[in-house]
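The values are calculated or read from the model by the stated rules, or taken from the named source; none is laboratory data. Everything numeric in this text was worked out from a predicted model, so none of it was measured. Because the Cβ atoms are built from the backbone with ideal geometry, glycine has one as well, and the counts that use them run over all protein chains shown. With ligands, DNA and RNA removed, areas are computed over all heavy atoms of the protein, side chains included. Shrake-Rupley method; radii C 1.70, N 1.55, O 1.52, S 1.80 Å.
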Amino acid sequence: MYEFDALKVKNQCVEWIKDFFAKNGPDCNAIVGISGGKDSSIVAALCVEALGVDRVIGVLMPNGEQADIDCARLLVNHLGIKNYEINVKAAVDGVLASMPADMEISTQTRTNISPRIRMTTLYAIAQSNNGRVANTCNLSEDWVGYST
(Lines give C-alpha, C1' and ligand atoms only; values in the text may rest on other atoms or scores of the structure.)
Protein backbone atom coordinates (compact mmCIF):
# COMPACT_ATOMS: atom_id res chain seq x y z
CA MET A 1 0.00 0.00 0.00
CA TYR A 2 1.33 3.42 -0.99
CA GLU A 3 1.39 6.12 1.65
CA PHE A 4 1.85 9.72 0.58
CA ASP A 5 4.35 11.60 2.73
CA ALA A 6 3.40 15.25 2.22
CA LEU A 7 6.32 16.63 4.25
CA LYS A 8 8.83 14.56 2.30
CA VAL A 9 7.40 15.69 -1.04
CA LYS A 10 7.29 19.33 0.11
CA ASN A 11 10.92 19.13 1.19
CA GLN A 12 11.89 17.56 -2.15
CA CYS A 13 10.15 20.42 -3.97
CA VAL A 14 11.98 23.00 -1.84
CA GLU A 15 15.32 21.33 -2.56
CA TRP A 16 14.56 21.21 -6.30
CA ILE A 17 13.73 24.94 -6.28
CA LYS A 18 16.94 25.74 -4.37
CA ASP A 19 18.99 23.71 -6.84
CA PHE A 20 17.32 25.23 -9.91
CA PHE A 21 17.84 28.79 -8.73
CA ALA A 22 21.42 28.08 -7.58
CA LYS A 23 22.20 27.07 -11.17
CA ASN A 24 20.74 30.39 -12.36
CA GLY A 25 22.87 32.51 -10.05
CA PRO A 26 22.78 33.53 -6.41
CA ASP A 27 20.70 36.64 -7.09
CA CYS A 28 18.15 35.03 -9.43
CA ASN A 29 14.57 35.72 -8.35
CA ALA A 30 11.41 33.64 -8.60
CA ILE A 31 8.58 35.43 -10.42
CA VAL A 32 5.16 34.02 -9.54
CA GLY A 33 1.83 34.94 -11.08
CA ILE A 34 -0.50 35.25 -8.09
CA SER A 35 -4.20 34.56 -8.52
CA GLY A 36 -4.85 33.74 -4.89
CA GLY A 37 -5.85 30.20 -5.84
CA LYS A 38 -4.29 26.94 -4.67
CA ASP A 39 -1.70 26.51 -7.42
CA SER A 40 -0.12 29.96 -7.24
CA SER A 41 -0.36 30.05 -3.44
CA ILE A 42 1.52 26.77 -3.08
CA VAL A 43 4.18 27.73 -5.63
CA ALA A 44 4.73 31.11 -3.97
CA ALA A 45 4.99 29.55 -0.50
CA LEU A 46 7.45 26.88 -1.72
CA CYS A 47 9.59 29.54 -3.40
CA VAL A 48 9.63 31.65 -0.24
CA GLU A 49 10.72 28.65 1.81
CA ALA A 50 13.42 27.76 -0.71
CA LEU A 51 14.73 31.23 -1.54
CA GLY A 52 13.52 33.60 1.16
CA VAL A 53 11.13 36.54 0.86
CA ASP A 54 13.72 38.79 -0.78
CA ARG A 55 13.99 36.59 -3.87
CA VAL A 56 10.31 36.02 -4.65
CA ILE A 57 8.21 38.53 -6.57
CA GLY A 58 4.46 38.10 -6.90
CA VAL A 59 2.59 39.49 -9.90
CA LEU A 60 -1.15 40.07 -9.64
CA MET A 61 -2.78 40.44 -13.07
CA PRO A 62 -6.48 41.17 -13.04
CA ASN A 63 -8.29 41.59 -16.35
CA GLY A 64 -10.38 44.63 -15.48
CA GLU A 65 -12.31 44.10 -12.27
CA GLN A 66 -11.49 40.87 -10.47
CA ALA A 67 -13.91 39.96 -7.68
CA ASP A 68 -11.39 37.80 -5.80
CA ILE A 69 -8.28 40.00 -6.18
CA ASP A 70 -8.30 40.44 -2.39
CA CYS A 71 -7.27 36.76 -2.06
CA ALA A 72 -4.16 37.44 -4.14
CA ARG A 73 -3.37 40.61 -2.15
CA LEU A 74 -3.85 38.72 1.10
CA LEU A 75 -1.39 36.04 -0.03
CA VAL A 76 1.44 38.40 -1.03
CA ASN A 77 0.97 40.34 2.21
CA HIS A 78 0.93 37.13 4.26
CA LEU A 79 4.12 35.90 2.60
CA GLY A 80 5.72 39.36 2.83
CA ILE A 81 6.92 39.30 -0.78
CA LYS A 82 7.49 42.19 -3.14
CA ASN A 83 4.65 42.37 -5.62
CA TYR A 84 3.30 44.21 -8.61
CA GLU A 85 -0.31 44.56 -9.69
CA ILE A 86 -0.66 44.94 -13.44
CA ASN A 87 -4.12 45.14 -14.96
CA VAL A 88 -3.97 43.32 -18.31
CA LYS A 89 -7.34 44.56 -19.59
CA ALA A 90 -5.91 47.20 -21.96
CA ALA A 91 -3.54 44.64 -23.52
CA VAL A 92 -6.28 42.03 -23.93
CA ASP A 93 -8.65 44.61 -25.41
CA GLY A 94 -5.87 45.86 -27.70
CA VAL A 95 -5.22 42.42 -29.15
CA LEU A 96 -8.93 41.80 -29.70
CA ALA A 97 -9.38 45.23 -31.31
CA SER A 98 -6.43 44.55 -33.64
CA MET A 99 -7.89 41.33 -35.04
CA PRO A 100 -9.03 41.50 -38.66
CA ALA A 101 -12.58 42.84 -38.93
CA ASP A 102 -13.61 40.03 -41.28
CA MET A 103 -12.41 37.28 -38.93
CA GLU A 104 -14.78 35.70 -36.46
CA ILE A 105 -13.09 35.54 -33.07
CA SER A 106 -13.86 32.22 -31.41
CA THR A 107 -14.88 31.80 -27.79
CA GLN A 108 -11.70 29.80 -27.23
CA THR A 109 -9.62 32.69 -28.58
CA ARG A 110 -11.37 35.16 -26.28
CA THR A 111 -10.83 32.81 -23.34
CA ASN A 112 -7.14 32.17 -24.02
CA ILE A 113 -5.90 35.70 -24.80
CA SER A 114 -5.91 36.82 -21.17
CA PRO A 115 -3.74 33.94 -19.87
CA ARG A 116 -1.31 34.43 -22.77
CA ILE A 117 -1.02 38.16 -22.01
CA ARG A 118 -0.44 37.26 -18.37
CA MET A 119 2.41 34.93 -19.38
CA THR A 120 4.00 37.68 -21.48
CA THR A 121 3.69 40.02 -18.49
CA LEU A 122 5.40 37.51 -16.20
CA TYR A 123 8.31 37.11 -18.60
CA ALA A 124 8.66 40.90 -18.88
CA ILE A 125 8.80 41.20 -15.07
CA ALA A 126 11.29 38.32 -14.92
CA GLN A 127 13.58 39.85 -17.52
CA SER A 128 13.56 43.17 -15.71
CA ASN A 129 14.22 41.63 -12.27
CA ASN A 130 16.86 38.95 -12.94
CA GLY A 131 14.13 36.36 -12.55
CA ARG A 132 12.77 33.08 -13.75
CA VAL A 133 9.04 32.49 -14.06
CA ALA A 134 7.81 29.81 -11.68
CA ASN A 135 5.20 27.59 -13.35
CA THR A 136 1.93 27.47 -11.42
CA CYS A 137 0.15 25.03 -13.73
CA ASN A 138 -0.99 21.60 -12.83
CA LEU A 139 0.34 18.60 -14.72
CA SER A 140 -2.70 18.21 -16.98
CA GLU A 141 -2.29 21.82 -18.17
CA ASP A 142 1.39 21.21 -18.89
CA TRP A 143 0.57 18.05 -20.87
CA VAL A 144 -1.71 19.93 -23.25
CA GLY A 145 0.69 22.87 -23.62
CA TYR A 146 -1.36 25.31 -21.60
CA SER A 147 1.31 26.50 -19.18
CA THR A 148 0.35 29.84 -17.68
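Which net charge results for the neighbourhood of Tyr84, defined as the other residues with beta-carbon distances under 14 angstrom from its beta-carbon, given Lys and Arg at +1 and Asp and Glu at -1?
Result for the neighbourhood of Tyr84: +2.
Can you bin region 11-68 into rounded, prolate or oblate? Criterion: square roots of the alpha carbon gyration tensor eigenvalues sorted a ≥ b ≥ c, rounded for a/c under 1.5, prolate for a/b above b/c, oblate for the rest.
prolate
Whole number in Å², please: accessible area per residue of the chain, 1.4 Å probe, ligands, DNA and RNA not counted.
Result: 62 Å² of accessible area for each residue.
Go through region 1-40 and name the chymotrypsin sites (Phe, Trp or Tyr not before Pro) that are in a DSSP coil and have 11 or fewer other Cβ atoms within 10 Å of their Cβ.
Tyr2, Phe4
For the charge dipole of the chain, defined by +1 on Lys and Arg C-beta atoms and -1 on Asp and Glu C-beta atoms about the Cα centroid, which residue among Thr109, Asn29, Ser41 has the Cα displaced farthest towards the positive pole?
About the Cα centre, the residue reaching furthest to the positive side is Asn29.
Taking the structure as given and computing percent of Cα pairs over 24 Å apart, which label from (1) 37; (2) 30; (3) 26 fits?
The value matching this structure is (1).
Per the helix-only calculation at 222 nm, which mean residue ellipticity applies to the chain, given -39500 (n - 2.57) for every DSSP H run of n ≥ 4 and division by its residues, nearest 500 deg cm²/dmol?
-17000 deg cm²/dmol
Just need the relative contact order of region 1-105 here, percent rounded to a whole number, with Cα pairs under 8 Å and 6+ apart.
For region 1-105, the relative contact order is 24 percent.
Please return the longest stretch of the chain lacking exposed loop sites, where GluC sites (Glu not before Pro) count only if DSSP places them in a loop and at most 11 other Cβ atoms lie within 10 Å.
4-64
Please list Cys137, Cys28, Cys13 in order of solvent-accessible area, largest first, computed with a 1.4 Å probe with all protein chains present.
Cys13, Cys137, Cys28
Between Asp5 and Glu85, what FRET efficiency comes out of the Förster formula 1/(1 + (r/R0)^6) with R0 = 41 Å and r the beta carbon distance, rounded to 0.05?
Efficiency computed from Cβ-Cβ geometry: 0.65.
How large a share of the accessible area of region 1-78, in percent, is made up of carbon and sulfur atoms when the probe is 1.4 Å and the other protein chains stay in place?
56
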